[in-house]
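The values are calculated or read from the model by the stated rules, or taken from the named source; none is laboratory data. The model shown is predicted, which means the values in this text are computed figures rather than measured ones. Methodologically, a virtual Cβ is constructed for each residue, glycine included, from the backbone with ideal geometry; neighbour enumeration extends over all protein chains shown. Ligands, DNA and RNA are stripped out before the accessible areas are found, and what is left, the full protein with its side chains, is counted by its heavy atoms. Shrake-Rupley method; radii C 1.70, N 1.55, O 1.52, S 1.80 Å.
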Amino acid sequence: PRVELAWAMKAHQHAQVYFNLISSVDPKFLNLTKVDDQIYNDFRKTFRDLRVDVLDPEELKSEPAKEKWRPFCLRFEGVVEDFNYGTLLRLDCRRDYTEENTIFGE
């Protein structure tokens, strides 16, 4: 529980930084890592049908989902710093970060 709280706090800090970035720069001109295109292409190959505009928590947290997410994330070990950090995700991209619209993905 204590470690999970520390991760959640770190994720919140990262979310604030990234939200400020994406709010101040047109996202099509923003690269967060040197391998953004590779991550996106691998993501779309692995999760072809996953809607990213409105997320279903079951598609992120269920056991079958975790069996796909873990290997996907491990592909970037040693490539992306903090590749295995949890992150705060908005369930509906059109709405703000609120308790009801946010999920902690790990």
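Rolling a 1.4 angstrom probe over the protein heavy atoms with all chains in place gives the range 1-105 an accessible area of 77 Å² per residue. Placing +1 on the Cβ of every Lys and Arg and -1 on the Cβ of every Asp and Glu, with no other charges, gives the chain a dipole of roughly 200 debye about its Cα centre.
The listed peptides 19-29, 64-74, ordered by packing as a protection proxy, come out as 64-74, 19-29 (highest mean of other Cβ atoms within 10 Å first). Quick note on the chain: its Rg to Rh ratio, both from C-alpha atoms and Rh being the Kirkwood radius, is 0.93.
The distance from the alpha carbon centre of the range 80-105 to that of the range 21-77 is 11 Å, rounded to a whole number.
Lysine pairs in the chain whose alpha-carbon atoms fall under 21 angstrom of each other, counting only those eight or more residues apart or on distinct chains, come to 6. How many percent of the accessible area of the range 1-105 is carbon or sulfur, using a 1.4 Å probe? Roughly 54 percent of what the probe reaches on the range 1-105 is carbon or sulfur.
Amide H contacts for Phe76 (H built 1.01 Å from N in the peptide plane; partners 5 or more residues away or on another chain; cut-off under 5 Å): none found. Here is what passes the span test in the chain: the DSSP H helices with alpha carbon length of 24 Å or more along the helix axis and a Kyte-Doolittle mean of -0.5 or above are 2-24.
One decimal place: the segment Phe43-Asn31 gains 2.7 nm when fully extended, by the rule 0.36 nm per residue minus the C-alpha distance. In the chain, a dipole from Cβ-located charges (positive for Lys and Arg, negative for Asp and Glu) runs towards its positive end, and of Gln13, Cys93, Val79 it is Val79 whose Cα lies farthest in that direction.
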